[in-house]
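These notes concern the structure reproduced below.
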Amino acid sequence: MPSVTLLGIVKRYSDVTAANGLNLTVNDGEYLCLLGPTGAGKTTVLRIIAGLTTPDQGRVLFDGRDVTSLDPEERSAVLLSQTYCLFPTMTVADNVLFGPEIREIPEADKEQMLVSLLDMVRLSERANSYPKELSGGMQQRCALARAIATSPDVLLLDEPLRALDARLRIDLRRELKSLARTLGLTVIHVTHDQDEALVMADRIAILRAGKILQVGTPAEVFNEPESPFVANFVGQSNFFTGKLVNSTPTGAEIEDDDGRRVRARATSLPIGSKVVLAVKVGQTHILKREVTPLKGRIERILFEGRVVHVDVDIEGVGRFSSKIPVRRRGRYNVGDEVGIGWNRNKAKIFPYPENGLEDELKVD
Amino acid sequence: MGPGNKLVELISGKRFRKGWTALNIAFFLLFVIIPTVYILSYAITDWSEIQEHVLSDPATMDLIIGSIIVAFEIATIVTIIDFVAGLPLAWMMARKDFRGKQFLDTLIDMPLAVPTAALGFSAAIFWAVTPNPPPFSLATISSPMILIILLHVVFSYPYMVRSLTAILGGIDETYETAGRTLGASRLTAVRTITLPLFRAGLVTGAILCFARSLSETGGTIIALATLYGRRMVEGDFHTGPSLIGFWKDASVSDPTLIPALSFVSILLIILALVLLLVLKIVIMRVRLPLRKVWPSPEKLLSRGLFPKIKDTSAIIFLIVIVLIPSFFIFTYVLTANPVQADWSPFIDALLTSFLVATIVTLIDLVMGIPMALYIVKNKTGRLSQMLDVLVNVPLIVPTAALGFSLGLFWSNFDPNASFPLLLIILAHVAFTYPLVVRNVVGAVEGIDPAFEETARTLGAKPIQSFRRVLFPMIKGSILAGAIMAFTRSLGETGATLAVVANANTAPVYIVELVNEQSYYLAAMACIILIIISYVFMLLLRRFTREEVV
């Protein structure tokens, strides 16, 4: 199985730039999730790797070999699209055997392959059904079997779980991952669902406006975001804007215009610069008013099952959200005056974004 | 690796594909477009002739202008009638399920199986006041204009219904449902939500009908000849195309008619092109005042008796105006006195016609499908957009003018018509090719390119992905295009005569019989032609349907 490398990929459509000098390396046998908001250019990246779209600039390498000008069928990179694209005029069996058929694999081998693949995706009973007679989950599995029957080197998944209901989606996440692992495939999985990416990926690449913002393991992108956007896009964050007033090797302090002073992790930014502090919603705690400079009023309490989501409005600063365990639900009511705080090691400081915070966090 | 594989390899090479595309475009330009508009060059090379024989002759000018105005009036009226009467039927076909729907579906296409020459004769003996009206005929129409309108409705109506049905079927019904859950009555929802969405289908339908009416020659001439009960002469009622046909005939003995003939052809081609553009712009751009809503009257019209009246009258229209005139010829033959005759010339003509139609259809398919694919797949390219427009040109050019132009063009290469069959085939390709291209373009546009792309990433070469994935999905439309091309070639009279004056095809033979007032023989010949084309269509349909399932 090859590694896939994208070098300086640029793709412009008449009015949008779908890829803007994009670099990315996917290692051999790696499961990489390409995570980004809608319109970030995720599908374009997949299509360029598959050979369905020709980049305006840049190169695509498979194991260091330049494949930029190869036709899709010469790349052994199978694309599984959002809509599965099962061929409506063929049965499940014919769909699965499409690739082997093209490569003229001997009849007996094909038969065996079909049996084992259908068994794997639990569609043995439906071999002679037409795609329109299958449920969404079955169609997805059939498309997967068809992709694997081609014995691809690279599997490109474009939001493969999008059209499925929530429960099925969670089951299939596990199946898909373990299947890829067993077959040793190099997988590039496009998604806009951060939970999906966090659970499934070996590494996550965050894509925005045609550029890769950060690549790392799920823990890295979650805990060590390199920009406010990533901090917010992967596991929602609260933000506090102010001036860096104190910086030591053990921590830093930020003060806003109203003199509220909060603490964060150590930073190398110069004292006096305008900064923004990000702390994950899950690391933000509701405290007594007396112990923190951030005081506000509970605006909203949402029951989410295992946790309760609380929005607190802090006058002059904005809304902060927090997740509290269900057992503590009864303690708070809408309208209560509370404080907000966090462990300083969980708060990260970024330079204030050039075009303002709102623009930085925008998802489309 | 077998020889088949080597072939696939060969034709999948990038160089081969580029060459093949270039070949297709070259074919289109050389064999379809240039011959079609070749006549325009006459305006440049022989302008002085036109000046002398036409522009300075007020009588000829009056005749030309009058006949062209009549042709446009007829085409406009026919298109409007087709739309008003076709919409309810298209609606039933696209949205409703009822017993006999399959049957109705076949009925709508029936007039297409009838060659226009036969159609013209059949409709004329049904409607027109003739010296000896056959039993059961209505024999009420003595106005040539109304007769021609009725005739043109018969053969353009199926095009309108087909175009509207196709586009209605493609419109997601949920929009309408959403409108109705928001409180709109059915009629209001349809009028304000669905109708604006199907402008594209309306444009296709309107252009097809308008062009068909404006360009039809053979049937028109036969109907008029039947009404008058003799060969047409100078002072008779003429539409633009019938005038071309008439002058073309007469020019054999009187070459001074050639400039007038060219002039009227050029005029018709240019006007038709302008009109095509105008029609497209008007329908696509002009915002009809559709927003306004009249809730109570529309609610009233959405319920109870009104929808039933609408559906019933649509079906009555289909039967009385379209079907009976198409097939009236059968009753005529059953009631008239049999005449003994020698059938061998007709059988010869019939065989020629079938040979021509088969070869023409094959050429259309081989050259037209790749062209259609090219147009759809490079939709954003300037070249393909231009080709997309150009493909329509032969459809809207009157066949008589087209035939005249084709004749002039091909006679440069074969002045003595020593290969008459070849000339006829080349001429027929020019006006049937667009039918295949249009149908395939329409079908491929409706299919998500992701299917083929997926096939490619699964390892299929372009030709394999076409054959295994796309082809089975668009087979129906390819078939529709092939049937239209085949029947169009089988029924064409004007263009055939224009290329080879003594052509020996079945419709030409029938025109001769009508001109000689051998009505019984003409009717028999028509019926044989109808039955054979119909059987042929059924076989073609069955044959392809079996393969799909």
Residue check: is B:VAL282 free of Cβ contacts under 8 Å to residues at least 40 places away in the same chain and open to solvent by 50 Å² or more (accessible area, probe 1.4 Å)? yes
With respect to the numbered conditions (1) surrounded by fewer than 21 Cβ atoms within 10 Å (Cβ to Cβ); (2) of a type in the set (A, V, I, L, M); (3) touching a Ser or Thr at 6+ places or on another chain (Cβ under 7 Å), which one is the sole condition not fulfilled by B:LEU383? (3)
Take A:ALA180 and tell me if it is of a type in the set (A, V, I, L, M) and touching a strand residue (DSSP E or B) at 6+ places or on another chain (Cβ under 8 Å). yes
Near pairs, Cβ below 9 angstrom, 6+ apart or cross-chain, from the stretch A:82-110 (at positive phi and more than 7 Å from every other protein chain (Cβ to nearest Cβ)) to any residue that is open to solvent by less than 70 Å² (accessible area, probe 1.4 Å) and not polar (S, T, N, Q): A:TYR84/A:PRO131; A:TYR84/A:GLY136; A:TYR84/A:CYS142; A:TYR84/A:ALA143; A:TYR84/A:LEU144; A:TYR84/A:ARG146; A:TYR84/A:PRO160; A:GLU104/B:GLY2
If you check B:SER405, B:SER411, B:SER465, B:SER384, which single one turns out to be polar (S, T, N, Q) and within 13 Å of chain A (Cβ to nearest Cβ)? B:SER465
Condition (residue is open to solvent by less than 70 Å² (accessible area, probe 1.4 Å), free of Cβ contacts under 8 Å to residues at least 24 places away in the same chain and aliphatic (A, V, I, L, M)) applied to the stretch B:5-28: is it met by at least one residue? yes
Within the stretch B:503-535, work out how many residues are free of Cβ contacts under 8 Å to residues at least 60 places away in the same chain and surrounded by fewer than 20 Cβ atoms within 10 Å (Cβ to Cβ). 4
Filter result for A:GLY210 (on the phi > 0 side of the Ramachandran plot and open to solvent by less than 50 Å² (accessible area, probe 1.4 Å)): yes
Residue among B:ASN392, B:ASN378, B:ASN416 that is under 24 Å from B:GLY219 (Cα atoms) and open to solvent by 10 Å² or more (accessible area, probe 1.4 Å): B:ASN392
Looking across the stretch B:229-256 at residues that are free of Cβ contacts under 8 Å to residues at least 60 places away in the same chain and in a helix (DSSP H, G or I), the single one that is farthest from B:GLU492 (Cα to Cα) is B:PRO255
Of all residues in the stretch A:61-74, which are open to solvent by less than 10 Å² (accessible area, probe 1.4 Å) and within 9 Å of chain B (Cβ to nearest Cβ)? A:PRO72
Picking from B:PRO144, B:PRO133, B:PRO115, B:PRO111, which residue would you name as being surrounded by fewer than 19 Cβ atoms within 10 Å (Cβ to Cβ) and touching a helix residue (DSSP H, G or I) at 6+ places or on another chain (Cβ under 8 Å)? B:PRO133
From the residues in the stretch A:140-163 that are of a type in the set (S, T, N, Q) and more than 23 Å from the chain's Cα centre (by Cα), which one is nearest to A:THR186 (Cα to Cα)? A:SER151
Among the residues of the stretch A:136-143, is any assigned to a loop (DSSP other than H, G, I, E, B), in contact with a helix residue (DSSP H, G or I) (Cβ under 9 Å, 6 or more places away or on another chain), within 14 Å of chain B (Cβ to nearest Cβ) and open to solvent by less than 10 Å² (accessible area, probe 1.4 Å)? no
Applying the selection to the stretch A:242-265, what residues are within 30 Å of A:LEU34 (Cα to Cα) and open to solvent by 50 Å² or more (accessible area, probe 1.4 Å)? A:ARG265
If you check A:GLY58, A:GLY36, which single one turns out to be open to solvent by 10 Å² or more (accessible area, probe 1.4 Å), more than 17 Å from A:THR186 (Cα to Cα) and away from chain B (no Cβ under 14 Å)? A:GLY58
Collect the residues in the stretch B:440-450 that are open to solvent by less than 40 Å² (accessible area, probe 1.4 Å) and away from chain A (no Cβ under 14 Å), keeping them in residue-number order. B:VAL440, B:VAL441, B:VAL444
Residue under question is B:ALA485, and the condition is that it be away from chain A (no Cβ under 11 Å), open to solvent by 30 Å² or more (accessible area, probe 1.4 Å) and of a type outside the set (S, T, N, Q); does it hold? no
So for the stretch B:15-32 (the condition being modelled with pLDDT under 90 and farther than 30 Å from B:SER384 by Cα), does at least one residue qualify? no
From the list B:THR432, B:THR496, B:THR399, pick out the single residue that is β-branched (Val, Ile, Thr) and more than 28 Å from B:ILE167 (Cα to Cα). B:THR496
Within the stretch A:148-157, considering residues that are part of a loop (DSSP other than H, G, I, E, B) and open to solvent by less than 40 Å² (accessible area, probe 1.4 Å), the one farthest from the other protein chains (Cβ to nearest Cβ): A:PRO152
Under the condition of being acidic (Asp, Glu) and surrounded by fewer than 18 Cβ atoms within 10 Å (Cβ to Cβ), which residue from the stretch A:158-201 is farthest from A:ASN27 (Cα to Cα)? A:ASP165
Filter the stretch B:346-394 for residues that are without any contact (Cβ under 8 Å) to a residue 40 or more places away in the chain and closer than 24 Å to B:THR493 by Cβ and give the result. B:ILE347, B:LEU351, B:LEU362
Name the single residue that is farthest from A:ILE148 (Cα to Cα) among those in the stretch A:4-42 being modelled with pLDDT under 90 and among the polar types (S, T, N, Q). A:SER14
Apart from one, (1) open to solvent by 70 Å² or more (accessible area, probe 1.4 Å); (2) assigned to a helix (DSSP H, G or I); (3) more than 14 Å from chain B (Cβ to nearest Cβ) all hold for A:ARG122; the odd one out is (2)
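The values are calculated or read from the model by the stated rules, or taken from the named source; none is laboratory data. Please read all numbers here as calculations on a predicted model, not as lab measurements. All Cβ positions, glycine included, derive from the backbone under ideal geometry; neighbour counts span all protein chains shown. Heavy atoms of the whole protein, side chains included, go into the accessibility calculation; ligands, DNA and RNA do not. Shrake-Rupley method; radii C 1.70, N 1.55, O 1.52, S 1.80 Å.
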